[in-house]
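Step one of this worksheet: look at the structure below.
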Amino acid sequence: MSDAIRVMVVDDHPMWRTGVARDLAEAGYEVVATTGEGRQAVRIAGATRPDVVVLDLQLPDVPGVEVIHGLRAALPEVRVLMLSASGEQQSVLDAVKAGATGYLVKSAAPDEFLAAVARTAAGEAVFTPGLAGLVLGEYRRLAAAPEPAESGAPALTERETEVLRLVAKGLSYKQIAERLGVSHRTVQNHVQNTLGKLQLHNRVELTRYAIEQGLD
């Protein structure tokens with residue numbers, strides 16, 4: 001794998017942590033660090049600068065949600081993929097709201113997990129089947145709730161709005177690029193520009209915004 005994706009694995013079970021790191025390395029990912037503690041993960045991330053952090057929800061020192069906040073404060077561009085034994089609704093929603101890009105349960109197949117890391121690095125929202133509907137349903141509920149009117153919303157270009165609409169429909173960056181006849185990189189740039197304009201953090205938040213604006 002050229003320009004290997006840099007990954008840090010955070011899990012308090014040594015055998016699981018070692019196995020995940022081994023699978024990643026064998027698949028061509030660059031495992032820059034492993035740790036079993038949340039606070040140490042935040043410190044290490046600043047030094048090793050991973051593209052993706054594979055993070056367990058339950059850690060011995062601090063909750064995974066707090067670790068997400070710390071990681072994003074230390075390294076704003078980092079993508080966080082939760083890999084947890086829990087598929088409980090509130091756990092998933094809390095992780096996503098904290099800034100996680102995706103959420104897989106530990107029963108996921110190895111190929112599914114490895115592909116999820118690559119998609120997470122590309123900024124795509126990746127969820128175990130069934131959880132994506134849960135998150136989208138929650139954002140639809142929030143979007144339906146009355147909120148104070150805001151003025152001065154950032155103006156998106158016509159192409160940014162078009163890309164945003166396709167993101168909300170669940171298309172991958174590759175699918176969007178093919179539909180619009182542009183490169184994968186161009187789609188990524190449009191998404192990043194849109195995130196910056198709207199002061200959002202990830203594709204899930206972008207989807208919520210699109211739903212609120214009636215673009216889905």
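The values are calculated or read from the model by the stated rules, or taken from the named source; none is laboratory data. Fair warning: this is a prediction, and the values are worked out from it, not measured in the lab. Cβ sites come from the backbone with ideal geometry, for glycine too, and all protein chains shown count toward neighbours. Ligands, DNA and RNA are stripped out before the accessible areas are found, and what is left, the full protein with its side chains, is counted by its heavy atoms. Shrake-Rupley method; radii C 1.70, N 1.55, O 1.52, S 1.80 Å.
Once segment 47-100 is narrowed to residues that are crowded, with 20+ Cβ neighbours inside 10 Å and among the basic types (Lys, Arg), the residue that is farthest from residue 32 (Cα to Cα) is 72. Before we move on, is residue 25 under 24 Å from residue 201 (Cα atoms) and part of a helix (DSSP H, G or I)? Answer is no for this residue. May I ask you to verify whether residue 162 is modelled with pLDDT of 80 or more and open to solvent by 30 Å² or more (accessible area, probe 1.4 Å)? Spelling it out, residue 162 is indeed modelled with pLDDT of 80 or more and open to solvent by 30 Å² or more (accessible area, probe 1.4 Å). Summed over segment 181-194, residues that are of a type outside the set (S, T, N, Q) and open to solvent by less than 30 Å² (accessible area, probe 1.4 Å) total 2. Pairs needed: first member in segment 183-207, farther than 20 Å from residue 80 by Cβ; second member anywhere, crowded, with 18+ Cβ neighbours inside 10 Å and among the small types (Gly, Ala, Ser); C-beta distance under 8 Å; at least 6 residues apart or different chains. Correct list of pairs: 183/177; 184/177; 186/177; 187/177. Quick check on my filter: what residues within segment 43-80 are within 21 Å of residue 122 (Cβ to Cβ) and assigned to a helix (DSSP H, G or I)? The answer is 45, 48, 68, 71, 72.
Screening segment 98-117 for residues that are farther than 18 Å from residue 17 by Cβ and of a type in the set (A, V, I, L, M) and picking the one that is modelled with the highest pLDDT gives 115. Within the set 21, 27, the sole residue that is open to solvent by less than 60 Å² (accessible area, probe 1.4 Å), aliphatic (A, V, I, L, M) and farther than 15 Å from residue 120 by Cβ turns out to be 21. The single condition from (1) closer than 19 Å to residue 171 by Cα; (2) modelled with pLDDT under 90 that residue 95 fails is (1).
Please tell me if residue 95 is in contact with a strand residue (DSSP E or B) (Cβ under 7 Å, 6 or more places away or on another chain) and in a helix (DSSP H, G or I). Spelling it out, residue 95 is indeed in contact with a strand residue (DSSP E or B) (Cβ under 7 Å, 6 or more places away or on another chain) and in a helix (DSSP H, G or I).
Residue by residue, here is whether (1) touching a Ser or Thr at 6+ places or on another chain (Cβ under 6 Å); (2) assigned to a loop (DSSP other than H, G, I, E, B); (3) modelled with pLDDT of 80 or more; (4) open to solvent by 40 Å² or more (accessible area, probe 1.4 Å) holds:
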position: 138; (1), (2), (3), (4): no, no, no, no
position: 150; (1), (2), (3), (4): no, yes, no, yes
position: 155; (1), (2), (3), (4): no, yes, no, yes
position: 171; (1), (2), (3), (4): no, yes, no, no
position: 179; (1), (2), (3), (4): no, no, yes, yes
position: 196; (1), (2), (3), (4): no, no, yes, yes
position: 207; (1), (2), (3), (4): no, no, no, no
position: 210; (1), (2), (3), (4): no, no, no, no
